[in-house]
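The structure under discussion appears below in the form of C-alpha cells.
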Amino acid sequence: MRVSVPHEWPESVERAEALQRELAPLVDPTTPDGLTVTTAAGLDVAYAEEGDLLVAAVVVLDVASLAVVDSATALAAPAFPYVPGLFAFRELPPLLGALERLSVTPDLLLADGQGLAHPRRFGLACHLGLVTGLPTAGVAKTPMTAHPPPGPNRGDHAPLTDDGGREVGRALRTRSGVKPVYVSVGHRIDLDRACAEVLRLCPRYRLPETTRAADQLCRAALREASHQDRPHQA
DNA sequence: GCGACAG
DNA sequence: ATCTTGTCGC
C-alpha cells in the first residue's frame with residue numbers, strides 16, 4: 001500500500017511533543033459507516049542488541065480463518081531515541097517502510113502500543129492511523145494510564161482514564177485469569193468496536209494473532225539481518 | 001516539586 | 001526492546 005511521508009521530522013523532544021499536540025485533534029475516534037473488518041494487520045518492531053538497527057514487520061491476516069494474506073518487513077536505523085511517550089518516532093520509520101511493501105490494504109491496523117491512552121492522547125496507534133488514513137487501534141502489553149482491575153473472565157474490561165477521568169482506553173481481559181491487554185483507539189474506529197475486533201483476534205492467547213505473527217516475523221527478520229552482518233566462522 | 005512512564 | 005532455564009499448570 002502507498003504511504004505518504006508524514007510531516008517534518010522532529011529534531012528534538014520538544015518539537016516531537018509539540019507535533020503530537022498539533023496532530024492529536026485530527027484523530028477521529030468513530031467508526032466509518034459500514035466498516036467491515038475482513039483483514040487485520042499486526043505491526044511490531046524488533047531491536048538489535050547493539051541498538052543500531054530496527055526491523056519492522058507487518059502481517060495481514062484474514063480475521064475469519066486467521067490465514068496469512070500478506071506480510072512485509074523493513075529495516076531502519078533508529079531515527080529517534082526511546083523516550084516514554086515519544087516512541088512512535090522510533091518505530092514509525094521502519095513500520096511505514098514495511099507498510100509500503102504490502103501488496104494489499106488491510107481493513108484494520110493493530111499497533112503494539114497505545115492509541116489515545118497516552119499522555120498527550122496521541123500514541124503510536126493514533127500516529128499510524130493519521131499517516132495511513134486506515135482504521136487503527138493500539139494494543140499495549142503494559143498501561144501508561146491508571147485503571148481499576150477488570151473482572152477475571154475473558155471479555156471483562158475496565159476503563160483506562162486520563163487525568164480528567166475520561167475513558168481513553170480499556171484494560172481488556174482476552175483470556176480468563178490472565179493479565180489483560182490495554183486497548184485504545186488509534187483512528188477511525190470506536191473503542192467498543194476496537195475491543196470486539198481484538199477479542200476476535202484472541203481465540204487462544206493473550207495477545208492478538210496479528211501481534212503474535214508480526215512479533216515472530218520481525219524477530220526472524222532481525223536474525224536474518226544480523227546473520228549477514230556477522231556471519232559465523234567461514 | 002518529584003517520580004513514573006508504551007517498546 | 002533485550003539478556004535468559006527450568007518449571008508449574010491447563
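Just so it is clear, none of the values below were taken in a lab; they were calculated from the coordinates. As the structure is a computational prediction, the values presented were derived from the model and not from experiment. Using ideal geometry, Cβ is built from the backbone for each residue, glycine included, and neighbour counts are taken over all protein chains shown.
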Helix-only mean residue ellipticity at 222 nm for chain A, each DSSP H run of n ≥ 4 adding -39500 (n - 2.57), per residue, nearest 500: -8500 deg cm²/dmol
Given axes a ≥ b ≥ c from the Cα gyration tensor, I'd like to know whether the range A:75-161 is rounded (a/c under 1.5), prolate (a/b larger than b/c) or oblate. oblate
Report the residue, chosen from A:V139, A:V183, A:V37, that carries the largest GNM mean-square fluctuation when chain A is represented by alpha-carbon nodes joined by springs under 10 Å. A:V37
May I have the pair-distance distribution P(r) for the range A:88-234, computed from all Cα-Cα distances with 10 Å bins from 0 and rounded to whole percent? 12, 39, 31, 13, 4, 1, 0
Radius of gyration and Dmax for the range A:112-199's Cα atoms, expressed in Å? 11.9, 36
Taking the highest mean first, how do the peptides A:67-80, A:168-181 order by number of other beta carbon atoms within 10 angstrom per residue? A:168-181, A:67-80
Cα centroid distance between the range A:149-200 and the range A:60-105, in Å? 22 Å
Mind checking the full-extension length gain between A:A64 and A:T105? Use 0.36 nm per residue of separation minus the Cα-Cα distance, one decimal, nm. 13.1 nm
Length gain on complete extension for the stretch A:S226 to A:A18, per 0.36 nm per residue less the alpha carbon to alpha carbon distance? 71.3 nm
Percent of all alpha-carbon pairs of the range A:59-119 at distances over 14 Å, whole number, is 63 percent
If you take every DSSP beta bridge fully contained in the range A:29-229, what fraction is antiparallel? Give it as a percent rounded to 5. 85 percent
Please state the relative contact order of the range A:37-156 as a whole percent: Cα pairs under 8 Å, 6+ residues apart? 22 percent
Relative contact order for the range A:29-229: what is it in percent, counting Cα pairs under 8 Å that are at least 6 residues apart? 23 percent
For the range A:191-198, Karplus-derived ³J(HN,Hα) couplings (6.51, -1.76, 1.60; θ = phi - 60°; whole Hz; x for glycine and proline) come out as 5, 4, 5, 4, 5, 5, 5, 5
